[in-house]
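These notes are about the structure you will find just below.
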């Protein structure tokens with residue numbers, strides 16, 4: 001399975017525990033392409049339509065829907081959880097995601 005950084009995939013996040021973001025939902029792949037090529041897992045960040053004023057969220061528009069990319073819910077998942085490729089986020093949104101990740105984990 002070919003999976004690339006910045007792609008948005010419909011992703012099965014269940015089962016979850018506690019406050020982990022759940023459901024089958026769009027997620028952005030943030031792991032580097034070289035890792036995605038050789039590993040059976042990818043690093044993803046979920047999207048949500050619920051907007052919160054948290055510093056760990058990146059506002060975005062994907063498929064004409066407003067939402068946020070939830071940096072505080074980064075997960076490594078097996079590729080078998082990826083259901084269907086939905087598209088790709090734009091470069092500006094991607095840059096914001098990596099900027100917030102850098103700040104969040106500094």
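Is it true that some residue in region 76-94 is buried (at least 17 other Cβ atoms within 10 Å of the Cβ), without any contact (Cβ under 8 Å) to a residue 60 or more places away in the chain and in a strand (DSSP E or B)? No, that holds for no residue.
Within region 44-58, the set of residues being touching a residue at least 24 places away in the same chain (Cβ under 8 Å) and farther than 16 Å from residue 25 by Cβ comprises 55, 56. Counting the residues of region 95-106 that are loosely packed, with under 13 Cβ neighbours inside 10 Å, at pLDDT 95 or above and under 16 Å from residue 54 (Cβ atoms) gives 1. For region 33-43, indicate whether the set of residues that are in a loop (DSSP other than H, G, I, E, B), modelled with pLDDT of 95 or more and in contact with a helix residue (DSSP H, G or I) (Cβ under 6 Å, 6 or more places away or on another chain) is non-empty. Yes - at least one qualifying residue is present in region 33-43. So which residues in region 41-58 are surrounded by fewer than 19 Cβ atoms within 10 Å (Cβ to Cβ), touching a strand residue (DSSP E or B) at 6+ places or on another chain (Cβ under 6 Å) and more than 15 Å from residue 9 (Cα to Cα), if there are any at all? Across region 41-58, the qualifying residues are 49, 51.
The values are calculated or read from the model by the stated rules, or taken from the named source; none is laboratory data. Bear in mind the structure is a predicted one, so any value in this text is a computation, not a measurement. Note that each Cβ is placed from the backbone with ideal geometry, even for glycine, and that neighbours are counted across all protein chains shown.
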